[in-house]
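Shown next, in structure tokens, is the structure this report addresses.
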Amino acid sequence: MSLTDILSPSDIAAALRDCQAPDSFSPKKFFQISGMSKKSSSQIKEIFRILDNDQSGFIEEDELKYFLQRFESGARVLTTSETKTFLAAADHDGDGKIGAEGINLFIYR
């Protein structure tokens with residue numbers, strides 16, 4: 001399964017266009033524009049599984065910086081500031097990584 005099986009390619013493209021400039025990435029806005037915020041909990045878990053590059057069950061900081069590239073291979077890498085802000089917002093237990101439940105809570109709050 002790929003992200004375009006769950007999300008519209010045009011919505012993904014719009015979300016990526018919105019955050020092309022360094023330090024312009026807003027996770028909440030990206031989730032809204034891409035359509036992720038309208039998906040069910042089970043669909044978010046499937047998206048999370050696709051984004052979890054090493055299939056560890058978590059998205060760690062080193063994976064998170066390549067978040068946009070998981071949507072489109074030519075997308076930019078998140079800046080250190082964007083990565084740390086995203087991690088801090090979605091890491092609900094402070095363990096330095098984001099689990100599927102953490103991303104679900106973050107998207108829907």
| So how much accessible area does Leu105 have, in Å² to the nearest 10, using a 1.4 Å probe? | 100
| Charge dipole magnitude, Cβ of K and R +1, D and E -1 - the chain, Cα centre, debye nearest 20 | 440
| query | Picking from Glu61, Glu82, Glu72, which is most flexible by a Gaussian network model of the chain using Cα springs under 10 Å? | reply | Glu72
| So what J values fall out for the range 65-75 if you push phi through Karplus, 6.51 cos²θ - 1.76 cosθ + 1.60 with θ = phi - 60°, rounded to Hz, Gly and Pro as x? | 5, 9, 3, 5, 5, 6, 8, 7, 4, x, 5
| Taking only protein heavy atoms and a 1.4 Å probe, what accessible area per residue, in Å², does the chain have with all protein chains in place? | 52
| Under-5 Å amide H pairs with Glu60, H placed in peptide plane, nonlocal only | Ile98
| Accessible-area composition of the chain, carbon plus sulfur, in percent [1.4 Å probe] | 50
| Relative contact order [Cα under 8 Å, 6+ residues apart], the range 7-108, whole percent | 27
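The values are calculated or read from the model by the stated rules, or taken from the named source; none is laboratory data. Quick caveat, the model's predicted, so the values are computed rather than measured. Every residue, glycine among them, receives a Cβ derived from its backbone with ideal geometry; neighbour counts consider all protein chains shown. The protein model used for the area step is the full one, side chains on, heavy atoms only, and it has no ligands, DNA or RNA in it. Shrake-Rupley method; radii C 1.70, N 1.55, O 1.52, S 1.80 Å.
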